[in-house]
Amino acid sequence: VDRDWGLAQLDTVRERPAVNSTLFLALTNFGYHGLHHLFPAVDHSRLPLLYPALEKTCEEFRVKFAEYSMLEMYKGQFQQIARNKPNLSPPCSIDT
């Protein structure tokens, strides 16, 4: 299991296209969340400029970077709450 800091950051959050659709929603609803965790000091208005590099890097290192609907997010939240054992295989890894 890869305990890489960047992988852990991407595994911690999920992207929501509905929130990332406008800068206003992104600023008021934790948009561009994965990039914010990777680059916390970068202004939110600049984070969308980093997506091409993030996508290329994820592809290069075979890391899954997916976007989720709000319904999928709520479902995942309750699955996480119900978990009683640690996840030793992070979902962001393609090879798992």
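Note on E67 and N87: the model spin-label points, each 7 Å out from Cα along the C-beta direction, lie 2.0 nm apart. Computed with a 1.4 Å probe over protein heavy atoms only, the accessible surface of the stretch 1-77 comes to 69 Å² per residue.
Excluding residues on the same chain fewer than 8 positions from K85, give the aspartates and glutamates whose Cα lies under 20 Å from its Cα. Cα-Cα hits under 20 Å: D2, D11.
In this Cβ point-charge picture (+1 for Lys and Arg, -1 for Asp and Glu), the chain has a dipole of about 300 debye about its Cα centre.
Among the complete DSSP H segments of the chain, which ones combine at least 30 Å of alpha-carbon extent along their axis with a mean Kyte-Doolittle hydropathy of 1.6 or more? Correct list, ordered by number: empty. Within the shell defined by Cβ-Cβ distances under 14 Å, the residues around Y32 carry a net charge of -1, with Lys and Arg each +1 and Asp and Glu each -1. The structure-derived value of semi-axes √(5λ) of the Cα gyration tensor in Å appears in the list (1) 24, 13, 11; (2) 22, 18, 11; (3) 20, 15, 13 under the label (2). Using C-alpha pairs under 8 Å with a sequence gap of at least 6, the mean separation divided by the residue count of the chain gives a relative contact order of 33 percent. Give the carbon-plus-sulfur fraction of the accessible surface of the chain in %, rounded to a whole number; probe 1.4 Å, heavy atoms of protein chains only. C and S atoms contribute 60 percent here.
The values are calculated or read from the model by the stated rules, or taken from the named source; none is laboratory data. No experiment lies behind these values; they were computed from the predicted model shown. Backbone-built Cβ (ideal geometry, glycine too); neighbour counts: all protein chains shown. Each accessible area value is taken on the protein alone, full model and side chains, heavy atoms only, with ligands, DNA and RNA left out. Shrake-Rupley method; radii C 1.70, N 1.55, O 1.52, S 1.80 Å.
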